Each structure stands twice: as structure tokens, then as C-alpha cells.
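The values are calculated or read from the model by the stated rules, or taken from the named source; none is laboratory data. Note that the structure is a prediction, hence the values are computed from the model and not measured. Cβ placement follows ideal geometry from the backbone for every residue including glycine, while neighbour counts extend to all protein chains displayed.
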Amino acid sequence: MGLIQRMAEESGFPTISMGNAADRMAHIKPPRALLVKFARGSMFGEPGNVKRQRRILLDALEALKTMTQPGTIQELPYQWKRPDPE
Amino acid sequence: MALSLTHKIESHTVRVRKWPLKGYPMGIDLESFKPAYEKWVEESLPDYRAGNFEEIIKKYPLIVSDGVPWTPYKGRPSEQTFALVTSGGLYLKDSQPPFDIGSIHGDTSFREIPKTVRQEELGIAHAHYDHGLAEQDINTIFPIHRFIELEEEGIVGKVAETHYSFSYVNDVVTLVTETVPRFLSRIKAAGVDVLFLVPV
């Protein structure tokens, strides 16, 4: 997935990706990424948590606008089965 | 931007290259990678067949990159077209073949998933993660329904008519030389402005 993202970015598409393993991301070096504290197979948190899924998408849209350095990774605060921070 | 690549198999460094170089997609020296990959396949098959995936991952001929390709983001989400890309192995059960989950090479193909897809139409063919959560709510790995809501609210200009799923892939050569160029030409033709990628 990292290669696909990097090739897309090289071809002129701005991209943003999700990740859940800081060590793996340090190796892959995605151009722009959000880091979550969730396990594999659920980058957007618990099934049915519509509000959280939406928040993460809004975070991604914001990150597109604010990330100006190649390779920026922003960690999100959300935690499994805990309420989102205000 | 200079990007050096180091191909490693176990602790042995195969070669270092700089990019951009003609004939080296993404700076990947495929001529060096190929024999390292073929050796890895040969040595890893017994472990792969036995299900010892952690072992074979450790020995994979890694591609290490120094630089980061970059396209500046311009404009506003409310005026742009977004497409989703997942590596979750999604396919349409009624009309598309599942991904190959048996081969050590993985499956280098991708499936096109329509914007209008419903949860019950999707199958998952990927042997290396737990599908339980995605089977309850596909938006946990492929947040298409949330994106459509943002489009309806005008926060996102347009959700593309087609989205994309890949699956488990080890064969980087085919991926880089054939699959990704085909994928990129599809999204260009579809007028996609921004890609949102969700690995599993």
C-alpha cells in the first residue's frame, strides 16, 4: 500500500493514508498519514461508530490542508471503546 | 529530490541506487530486487505453507527509501473528487472473482468497487487479517458510506463513482510495473483529484 501511495503521489495525486504501526510507517514513509491506536482490520475504530468514522475523515481533510512537509504523520487521540475527546 | 534505495535480504545489502533514474519506477532497482525476491520465495515456501508468516516477513527483501514523493495539496475538498483505496481484499461477490489467497506472491490485481456498493455485496479475500470487524461494518476499513454523507453535506465535492481494493501482495515487480500504472491511468481517466488510502 505504501508503494501505491508513493507512486500516486509521484504521478501528481495528493494522497493521505491511515496507519496503525509507527515503526512500519517509519519504514514505508507515506507522503501524508494519520496514525491511529487501533488494531489491524479496523483503522476507523469500532464497527458502527459512525461519529468516530466521520471525525477521522474530517481529520484527514484537515491534514490535507495543513500538512506541508513530505512524510508528515499525525497521531490521532482516539482510543478503542473510549469516548472521543472534545 | 534524491532517494537512495537499499535492497536487503536478511542482513546482506544487495545494491544501492539513486533516483530518479530512467527505467527504475519509484527508484526501485527491479533487476536487483528480482533475484533477491526469487531467492526469498524459494526459501520461504516451506514456512509459507506451514503458516509461519511472521518468519517469512522478517526475511523479505525490503525496499528502503530515503526520500518521500510529494504532490502539494491545492484547492478545497468541497470542490474536489475523492477516491478510496483499500488493501483489505474486497470484491463484489456476485460479479468479481475473489483475490488469490493461496499464492506466496499474493495477488497483484485490484477490484473496482462502485460508490453505490452495499455491505452485503462485498466479499473479503485476504488471509492475513481478521475480517470480523469489517464484516460487521465495512466502514471500519473502507469508509465509503461516511464519505457519501460528507458529499451530501457539501464538505466533499464528489465521491468518485469507482473505488479500488487491493489485497495481500508480495510480488512488487508486477505491482510496480503493471498493476499500479494501470490503476493510475484508471483514476486519471475518472477525474479523481485526491486519493485516500486505507491499509489493513
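If you scan the range B:81-114, which residues turn out to be closer than 14 Å to B:Ile144 by Cβ and among the aromatic types (Phe, Trp, Tyr)? Listed by number, the list holds a single entry, B:Phe82. Taking A:Arg6 and the conditions (1) facing chain B (nearest Cβ under 7 Å); (2) modelled with pLDDT of 95 or more; (3) surrounded by 20 or more Cβ atoms within 10 Å (Cβ to Cβ), which numbered condition does it fall short on, given that it satisfies the others? Going through (1) facing chain B (nearest Cβ under 7 Å); (2) modelled with pLDDT of 95 or more; (3) surrounded by 20 or more Cβ atoms within 10 Å (Cβ to Cβ) one by one, A:Arg6 breaks only (2). Can you work out which of the residues in the range B:61-104 that are of a type in the set (S, T, N, Q) and in a loop (DSSP other than H, G, I, E, B) is surrounded by the most Cβ atoms within 10 Å (Cβ to Cβ)? Residue satisfying both the conditions and the ranking: B:Ser87. The set of residues in the range A:27-38 that are under 20 Å from A:Lys65 (Cβ atoms) and either more than 7 Å from chain B (Cβ to nearest Cβ) or in contact (Cβ under 8 Å) with a residue 60 or more places away in the chain (or both) comprises A:Pro30, A:Arg32, A:Ala33, A:Leu34, A:Leu35, A:Val36. Of all residues in the range B:116-137, those that are facing another protein chain (nearest Cβ under 9 Å) and over 16 Å from the mean Cα position of the chain (by Cα) total 8. Filtered by the rule that a residue be surrounded by fewer than 17 Cβ atoms within 10 Å (Cβ to Cβ) and outside any helix (DSSP H, G or I), the range B:133-157 gives B:Glu153, B:Gly154, B:Ile155. Determine, yes or no, whether B:Thr108 is buried (at least 20 other Cβ atoms within 10 Å of the Cβ), touching a Leu at 6+ places or on another chain (Cβ under 6 Å), without any contact (Cβ under 8 Å) to a residue 24 or more places away in the chain and not hydrophobic (A, V, I, L, M, F, W, C). For B:Thr108, the condition - buried (at least 20 other Cβ atoms within 10 Å of the Cβ), touching a Leu at 6+ places or on another chain (Cβ under 6 Å), without any contact (Cβ under 8 Å) to a residue 24 or more places away in the chain and not hydrophobic (A, V, I, L, M, F, W, C) - is not met. Scanning the range A:9-26 for residues that are more than 7 Å from every other protein chain (Cβ to nearest Cβ) and more than 18 Å from B:Ile141 (Cβ to Cβ) yields a count of 3.
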